[in-house]
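Asker: Before I ask anything, let me first share the structure, which is written out below as structure tokens.
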Amino acid sequence: SVRELELWSAAANQLAVAVENARLLREAKAALQVREDFMSIASHELKTPLTPLKLGLYTMERRISANQPVELATVLKSKRQVDRLVGLVDDLLDASRLDSGKLELKLAPLEVGQLVAEVVDHFRAAFERPFTVEVPRDRVWVHGDRDRLEQVLVNLLENAHKYSPAGEPITVRVEKLEGEARIHVQDHGIGIPGADQSQVFQRFYRARNVSHRNFGGLGLGLFISSSIAKLHRGSLTLASSEGHGSTFTMTLPRMASHEVKRLPRRVLL
Ligand code: ADP
């Protein structure tokens, strides 16, 4: 009957659409795999020559005598550039590890206040700018990967520094809440336009108020940082107003107090 024919043709159409969707999905997956492979191979290949290059520069620095100031300045400048390159390539490597699910945390009890104080001390020594730290009296323990959480803090502080005019203070505040710890990094810099705020955590995304000419960067730092927070079962969020400043907040699950009590004394000291 006509009715049956219509039903058959509708079913055939649906089947054709399903087959086409499956093909598109296969192609998209293959394209993603190509990107993943490219990122992985490129970042490893870029990284390999950097280690000997860096060692070579260290050796040269040691051998240059005090009466060769021009040579020394050149070597020091090259060292800074190689360090920058290492930083960029490390970000590419991390992004590629995250893509393939190969970034694994080494968790151990960690006191957040101490970590924050140490990281900020480094920034104070490196940059002429007021850095303020506010930590609670109580200790704030989390199960964390020290190196990775330090990486997040460094990234947030570098951004705060990069996207703020000279002299503007940067504040890092640790908060101990019910079941969670929060670390806020606040600046009074260029801020992030509202329309870009939800996207800056995506890889390679940069807000429209930054240009490569004014601010270098790959746009990977926040993607890596929020992924690290998520791997800790936490989050990285943002409050910002364009032209006024930004506050990034990392939230982490806090260790329960009975777990903290069971920590060995040498860890607690
Ligand atoms: P990058 O700094 O290399 O571009 P990120 O992933 O760290 O990469 O940051 C992504 C984007 O988010 C930046 O390009 C910038 O537009 C914006 N952003 C990040 N931190 C800040 C900040 N503290 N102030 C203003 N904009 C920021």
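The values are calculated or read from the model by the stated rules, or taken from the named source; none is laboratory data. Just so we're clear, the structure is a prediction, and the values are computed from it rather than from any experiment. Using ideal geometry, Cβ is built from the backbone for each residue, glycine included, and neighbour counts are taken over all protein chains shown. When the accessible area is computed, the model is the full protein with side chains, heavy atoms only, and any ligands, DNA or RNA have been set aside. Shrake-Rupley method; radii C 1.70, N 1.55, O 1.52, S 1.80 Å.
Asker: Multiplying the sequence separation of A126 and K230 by 0.36 nm and subtracting their Cα-Cα distance, what value in nm do you get? Write down the numbers at each step before the final one.
Answerer: Values: separation 104, 0.36 × 104 = 37.44 nm, distance 2.94 nm.
Here the answer is 34.5 nm.
Asker: Related question: At a 1.4 Å probe radius, carbon and sulfur cover how many percent of the accessible area of the chain? If you can, show how the numbers build up before the last one.
Answerer: On the way: 9390 of 16740 Å².
Ligands and nucleic acids excluded, carbon and sulfur reach 56 percent.
Asker: Pairs K47/K77; K162/K261; K54/K106: which are spaced more than 29 Å apart, C-alpha to C-alpha?
Answerer: Distance filter (> 29 Å) returns K162/K261.
Asker: For E158 and V19, what is the calculated FRET efficiency with R₀ set at 45 Å and r taken between the beta-carbons, to the nearest 0.05? It would help to have the intermediate numbers written out before the result.
Answerer: Details: r = 49 Å, r/R0 = 1.09.
After rounding to 0.05, the efficiency reads 0.35.
Asker: Among V19, V119, F223, flag the residue with its Cα farthest along the positive direction of the charge dipole of the chain, charges on Cβ as +1 for Lys/Arg and -1 for Asp/Glu.
Answerer: Checked the options; the winner is V119.
Asker: Among rounded, prolate and oblate, which fits the range 27-169 when a ≥ b ≥ c are the square roots of the eigenvalues of its C-alpha gyration tensor, a/c under 1.5 means rounded, and a/b larger than b/c means prolate? The partial results should precede the final answer.
Answerer: On the way: a/c = 1.95, a/b = 1.02, b/c = 1.90.
Verdict is oblate for the range 27-169.
Asker: Let me ask you something else. Run the quick spin-label model on A31 and E104: label points 7 Å from Cα toward the beta carbon, then report their separation in nm to one decimal.
Answerer: Those two pseudo-labels are separated by 3.3 nm.
Asker: Something else now. What spacing in nm lies between the two simple spin-label points modelled at T74 and E118, each 7 Å away from Cα in the Cβ direction?
Answerer: 3.8
Asker: Counting only C-alpha contacts under 8 Å and six or more residues apart, can you give the relative contact order of the chain as a whole percent? Walk me through the numbers on the way to the answer.
Answerer: Numbers: 343 pairs, mean separation 41.2, N = 269.
Computed value for the chain: 15 percent relative contact order.
Asker: Can you give the accessible area per residue of the range 55-186, in Å², using a 1.4 Å probe? Please list the in-between numbers first.
Answerer: Details: 7620 Å² over 132 residues.
Normalised by residue count, the accessible surface of the range 55-186 is 58 Å².
Asker: Helix-only mean residue ellipticity at 222 nm, the chain, DSSP H runs n ≥ 4 weighted -39,500 (n - 2.57), per residue, nearest 500. What is it?
Answerer: Numbers: 8 runs with 143 residues, N = 269.
The helix-only estimate for the chain comes to -18000 deg cm²/dmol at 222 nm.
Asker: Here's another thing I want to ask about it. I'd like the Karplus ³J(HN,Hα) series for the range 192-200: coefficients 6.51, -1.76, 1.60, θ = phi - 60°, whole numbers in Hz, and an x wherever there's a Gly or Pro.
Answerer: 10, x, x, 5, 9, 4, 7, 9, 5
Asker: What is the spin-label model distance, in nm, from L7 to Q199 if the labels are put 7 Å beyond Cα along the C-beta direction?
Answerer: 4.8
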